[in-house]
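Readers should treat all values here as calculations from the given coordinates under stated rules, not as data from a laboratory. Predicted model only: the values in this text are computed from it and were never measured. Backbone-built Cβ (ideal geometry, glycine too); neighbour counts: all protein chains shown.
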Amino acid sequence: MDVEIRSHVAGPIPAFVTEHTELTLILEGDGQSKVHRAAHGVRQHAAAVRGTTFVIPVGTHEEATYLTADIPEVMHLYLSRRLFEAVAVEDHLPCFNPANIRYVSGICDASLSWIGTVVARELRHQTSSASILVETIGLSIAERMVANYGEGVSMRAARVSAAGALDSFRLRRMLAYIEGNLGSELSIQALAAVACLSPFHFARAFRQATGGSPRRYVSSRRLALAKQLLRDTDCSLAEIAAICCFSSAANLSRAFSRAVGCAPGRFRTQTHF
């Protein structure tokens, strides 16, 4: 899944053909701007209110889009075909074609709005587990889009069976893998493979076994490593950020202060011997 946040000015948007399934979410908008768009002869109109969502299936020739006023902040999420293939496998669907997602405007979906807020926050203040977050959310969005906007789809309720749960042996093996790879790029695909589960089953089974998400667990372990390095070494903050997979010292400092309650420098002064 690729994500970008843009602003749009009033006026026409040139016609285009989508290469991926696109979910557009209004992050900032008071409804003053109206979005008029058309594809395949279907014309749609919606107010650009915060939380409003627009769906464009892959391969759509969007003929014309017109905005009546500026929209300050819009998130565009581009979902690859691979995500929908994973949904089809997980939910025992026939080979689902993402082109069969409906072209819809003006959706008010609280879950999608919350997802957009989480992704936007991650883009602005990146944590050490951004890739896990984006990968998990990409799978969740694809599943929700197939269930709610897929043509002719009947999805079963997703459940973690006893056979698909994380037993104590697999949980210990997977946690040990995380601990040994805190300084490497971790992904849901890799963690699921260690646990011998599909990515969908893994995310659900991990939460069932630990009470929290994989992303939250990895973030907490990387922050614990950062605390250890601040306390026991003379590594600079930039070096510690790199070791703990933060994109910058500033992002480490921000995440550390939020989680620990004080800045890394103060923590080091209080604990370093």
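Arrange the peptides 127-134, 65-72 so that the one whose residues have, on average, the most other Cβ atoms within 10 Å appears first.
So the peptides 127-134, 65-72, ranked by packing, come out 127-134, 65-72.
Does region 74-143 come out rounded, prolate or oblate by the C-alpha gyration tensor, with a ≥ b ≥ c the root eigenvalues, rounded set by a/c under 1.5 and, if not, prolate when a/b is larger than b/c and oblate if not?
oblate
Against the longest principal axis of the chain, how steep is helix 81-90, in degrees 0 to 90 to the nearest 10, with axes from Cα atoms?
Tilt relative to the chain: about 80 degrees.
So for the pair residue 9, residue 131, with labels modelled 7 Å out along Cα→Cβ, what separation do we get in nm?
3.8
Tell me the angle of helix 214-232 to the major Cα principal axis of the chain, expressed in degrees between 0 and 90 and rounded to the nearest ten.
Rounded to the nearest ten degrees, it is 30.
Nearest 20 debye, what's the magnitude of the dipole of the chain about its Cα centre given +1 on Lys and Arg Cβ and -1 on Asp and Glu Cβ?
Using only the charged Cβ atoms, the result is roughly 1000 debye.
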